[in-house]
1. Would you rank B:H54, A:H171, A:H195 by solvent-accessible area, highest first, keeping every protein chain in place and using a 1.4 Å probe?
2. Based on the alpha-carbon set only, what is the convex hull volume of the stretch A:188-253 divided per residue, in Å³?
3. So what's the Cα pair-distance distribution over the stretch B:39-103, bin width 5 Å, in %?
4. State, to one decimal in nm², a quarter of the convex hull surface area for the C-alpha atoms of the stretch B:241-321, i.e. the direction-averaged projected area.
5. What's the local net charge at B:L62, with K and R +1, D and E -1, over the other residues with C-beta under 12 Å away?
6. Suppose every K and R has +1 on its Cβ and every D and E has -1 on its Cβ; what is the size of the dipole of the protein assembly as shown about the Cα centre, in Debye to the nearest 20?
7. So what's the stretch A:56-186 giving for Rg/Rh, alpha carbon basis, Kirkwood Rh from the mean inverse pair distance?
8. Taking only DSSP H segments of four or more residues, each worth -39500 (n - 2.57), what value at 222 nm results for the protein assembly as shown once the sum is divided by all its residues, to the nearest 500 deg cm²/dmol?
Amino acid sequence: MKVVATYAIKGGVGKTTAAVNLAALAAADGLRTVLWDLDPQGSATFLFRVRPRVRGGARGLVRGRRPLDEAVKGTDVIGLDLVPADFRYRTLDLELDAMRKPTRALRRLVEPLADEYDLVVLDCPPSVSLVSESVVHAADLLLVPLIPATMATRSLDQLVEFLDALGAGGHDGAAVRRPEVLAFLSMVDRRKRLHRELAETLPKELDTISEVVIPALSVVERMADERSPVTVFAPRSPATAAYTRLWTEVACRLGLLEAR
Amino acid sequence: MSAGRPIPPAGVDAVRRVLLGAGTAGGVRITDVRTGASRRWRRTWLDSADWRLHRNGLALELHRTGATGRLVVHGAGAGELACPADGVTFPCRVAGLPAGELRDRLAAPLALRALLPLTDLSGTADDLAVLDEREKTVVRLTLETVEASGDPAGRGALRLDEVRGYPEHARRVTATLRAAGFDVRVVGDRLARPLAEAESALRAAGLDPGRLPGDLPRRIAPDTPADRAVAMVLSAFLDELEAAVPGTIADLDPEFLHDLRVAVRRSRAALALAGDVLPAVAVEAAARELTWLGDLTTPLRDLDVHLLDLPELATRLTAFAPADLDPLAAHLTRHRERERRLLVRGLRSPRFARFVAEWRAVLERVAAEGAEGTAVGELAADRVRRADRRFVRPGRRITDSSSPRHLHRLRKRGKELRYVLELFAPVLDRGHQRALVRELKAVQDVLGVFQDSEVQQETISGLAERMIAENGSDAPVPVGTLLAMGELVTHLRQDQDTARAAFGARFAAFVRPRVRRHVTALTPPTRITPPVRAVPLTRAAPPAGVTVSVGDAVPVRGVGDVVSTGGVVVPGDPVAPAGSGSRSRPVGARAGAGSAG
Ligand SMILES: Nc1ncnc2c1ncn2[C@@H]1O[C@H](COP(=O)(O)OP(=O)(O)OP(=O)(O)O)[C@@H](O)[C@H]1O
Ligand SMILES: [Mg+2]
């Protein structure tokens, strides 16, 4: 079982959109996949028409009173399950903080899913916090959307610094696992010169940045109305093509699919 | 579905109507039922000729929808496994299946056996999604309609796939549809449903899952006239023999030939041990043809056994590499092709067809009209007693200094006893019979290893000489190959010594009082009168120059070591000449099927 987390310090950069589409593509490839919506706002949960409620809330989960697999719901995408968001995840930080080894908590919760799933996708809320430390420790790969802007790589630099700092010791003093980092340019508008240029140059400058670019497309925005991954309702769209390329890269890095 | 329930109208619309009319209950609301495209499907059930999957609680299906195929295996405690089946054609051996979990699961039960298509069903499938108030799919249904299934309204069965996290919805949908008379099968009931479905599909096709052609008739009772009973048993063996012929000719797997030989061996043993209750001339003719069949099949079986054993033997090499034996495998494979052609010619010959037809006619007549004075129960007790005595007496005389010949001969006597116990199994007490067979097998196993390893040593030495002779000086046999073969001989010699050392204790266990009790129970006192032949012979005439008189001892094979004991003819070995593939299966022995080895 591999764990991928979409992760960014900034909000509204395309984390949830990437998480949902990659999870749907993984399921279509026959991987038993579960998406955990860690964002109390629950965009992914809304998208899959699932009630944003987990029995016992954050406390029940973290304290291990309710195993994670009891919270799992099947989605309309065959092969893809969801752990819904819960408004009470707002307190997840507090709950984690109350534990002995908070950084390890998420990984411990996810591990029992290994029998049932080949891939776990974590969709994270935008912030640097204890949840994030825990996410970093749980993930095999951090998938980081970047909006093309002059300062774009700065947030990536910040993230790498953060990871290095965690390696030396996290919030609870224990060293945190260092996941692989894969950034990609998100919502690239071909009509903008700056976007075109950065999409061209950045992947060459930094090898943590993927060659795959996700363009800004109105069909992606339609996901909220369709309540479905774009790869499902518009399988032949350029958006699906772009997410498929991104999924292939992620899967190869994780050794989930043979190189195609 | 039990009687008295309303019969629903056909099709997808009926399912929708029932579900949408259900209203809200227990917090579960169904707002819509969405229908998908209609698909055609075809399902083929597969198993080996001897039902190995069925016997292991498995059902293997090939599902075809449009151009794609999927293999699905159900059962035996581990749920369901599936894999794509594109490009796989049946019959097919395990190695021909796509690599993966499903293949791994089938490998052990199937061993060498080929998968054969047994029967298939086809029809249409319609997907339905049941939606809740958020218009989310909470239950998936598939309406499967079977063609030509005698299902009057064509209403088919509903497969229900629970969506994880929505158990209440699944319960409610199941209950609603069942109340309306639909046949709902919950996919989670993985063990019961597909196995029952496979069973009924196979029975509908006239097959009897799990039953082998050589299984003894269930109709035989202790008071059945002996000649009828023996004829029925021999008919079953003839069925077994015939059933193995097409697979042997097509060379689907090596087990068909093995089955054929088992049928021949069992038939010969039955004739030798109880043939005196049947018409003598017919018995004589059948025995001759069975001997011919035994000889006809021996060379190919020997080569099969060597080829099958080779990989295992090769793993035991220490001083040499397995690859050193490749020239030996190539030599054996070449010879196998030639022997196979000869065997196929024999099985397609008029002689074989005539034997089967005439022997079948005789057995059917006796089974229908026989009226032998002795009841088969009495005959059984008499024959078990004699066979046991013939095994135990010489066995007791064997010491550490006895020659190998004595052990080989004792093994033959053990086989006779085993055959008698199997032959008369329908009229013997099951518990005692099984217990005695088990105890006997423990002795026979060491005797088997003792003899087989000796035979293999000789065979390998013989093969080495033949390879040298055939290869000549232009392409000499590699020295490494010859030395590796020499090492194999050494290992086999060690096996033989180990078996020799183990014999004493095993035999002592067989003659201990607890085991004697089984023999006593199986052999109540009998008064066997000399058999009276009640059926006049019509078809099979004695061969020229041979006059057979009623009650004569009929030699089954060879003359030298025929021993006549009060009307029972016991040839030295009704089985096969020493070293002629007389061993039971080397790999993947048929579980539980009383192969007479
Ligand atoms: N490639 C794209 N083209 C056009 N619109 C996009 C694209 N990717 C995302 N969007 C839109 O941008 C908005 C934010 O996207 P998304 O929710 O995926 O970001 P996020 O990083 O998960 O946000 P948050 O930080 O709030 O969780 C959404 O309305 C989404 O439809
Ligand atoms: Mg989000």
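The values are calculated or read from the model by the stated rules, or taken from the named source; none is laboratory data. Remember, it's a predicted structure, so these values are computed and weren't measured experimentally. Ideal geometry is used to build each Cβ from the backbone, glycine not excepted, and the neighbour counts take in all protein chains shown. Each accessible area value is taken on the protein alone, full model and side chains, heavy atoms only, with ligands, DNA and RNA left out. Shrake-Rupley method; radii C 1.70, N 1.55, O 1.52, S 1.80 Å.
1. A:H171, B:H54, A:H195
2. Value for the stretch A:188-253: 90 Å³ per residue.
3. Going from the shortest bin to the longest, the percentages are 4, 17, 28, 28, 16, 6, 1.
4. 7.0
5. The answer is 0.
6. 2140
7. 0.97
8. Dividing the helical sum by the residues of the protein assembly as shown leaves -15500 deg cm²/dmol.
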